[in-house]
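Every number in this text was worked out from the coordinates using simple rules, so none of it is lab data. Everything numeric here is computed off the predicted structure, so don't read it as measured data. Ideal geometry is used to build each Cβ from the backbone, glycine not excepted, and the neighbour counts take in all protein chains shown.
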Amino acid sequence: MSINDIIRDYINETHDAAYQYAIKNNKSVDEPGLISKFLENHKDLEKELNNSNKNLKYLIDVIFTHQTPKIKAIDRSRSVEIADLLLINIHHGSQKTETSGKALLIQAKRNNTPTSGSLARGTEAIQFYIYNKWPKFSFTSRSQNFKSISTNWDFNFKKSEEHSFYAVIYDSKLFHNHTLYSPSFINANFHQNCSWNTAQCEFLQVTPSKGLTCNTSFSNLFSHFIMNNAGRTFSPSLAANGEHWSIFINDMMTLAKDPSYIYHLSRQGISESQRHVRMQSFMINDAILSSVKTSLTDLEKNTSPPNHHLDLSLPNILLNYYFNEGHPPSTPKEIANTDTRIPPSTPPIMIIHTIDLEGIFTSDAYK
């Protein structure tokens, strides 16, 4: 299976899981419920991606929130959420290449066709304006958590890279018996039979009342994203040289580790659930990766050239030690939290570390 196929099947299976859960618990399905299921089963996606390419190691972890944080454009009076989903990909290449990062903001809508419909109602028009123009803005909810920027934020939009996409999610059951697509879904013409379709609107000459035609499957966008071919580049370092986009992404990753936030999602039966989990991928930093690379280099200098199997299995052993040793399972548990501090504020996040095992392990000695 291709990466695109793996991701499409994962998206569709989590879509089905959201509907099955809703039916079982007599609940209705909404965007937060669909996104929470997309995030909840992330270790299944991680496993499938790792099985697809033995030269790459994928580490995926997630944080779920709802309707945070809120932002306000400097020339608008009302606030909107910055995104329904934030995707972050950090790629760790060879010893000679720097760690690089890409990130994307996703705003979700539901429809029975791969079109958004009108985006001119209420705050939807403000959301569209921000995603279309990316004006300067400020945070209006829990702004005390964003002390690194004291003035208005400015992503300094660059046409060569995209910050944000709309995603239209099919607004009905997808499968018969979890295996066969329903005739209504087939007739809806969602691209590549993916239940999430996407469209970019940055600098697009379209009015919000006309909405967007989502002519790319989310699986296609996601597969390009984890291959570093989609999204806007950010510096995966707290020293982001004053560049607001990089500072924002790093702030989101830092805030996501705070244990003080709990959330409620009544339609999915979630109450008093702790957002924070000790996530293995959030623990990765340049110092750890540098230590891994140094260890591998030292091993290469003191052993005979490994065969191809050992060339890939040895880095796996070391990476598993550095990233997994002592960490509990990453599935969040529903626990009460009595912390009275004002919690941090991030959108739902999926962070993917893509590690080039062959590149990290290979040295000039074995070329």
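General observations
- The residue list Asp61, Asp75, Asp16 contains one member that is of a type in the set (D, E, K, R) and assigned to a helix (DSSP H, G or I), which is Asp16.
- Selection status of Val62, touching a residue at least 24 places away in the same chain (Cβ under 8 Å) and within 13 Å of the chain's Cα centre (by Cα): yes
- So Ala22, is it crowded, with 19+ Cβ neighbours inside 10 Å, touching a residue at least 12 places away in the same chain (Cβ under 8 Å) and either of a type in the set (Val, Ile, Thr) or closer than 30 Å to Thr151 by Cβ (or both): no
- Counted residues, the stretch 19-39 - those being within 19 Å of Leu85 (Cβ to Cβ) and assigned to a loop (DSSP other than H, G, I, E, B): 2
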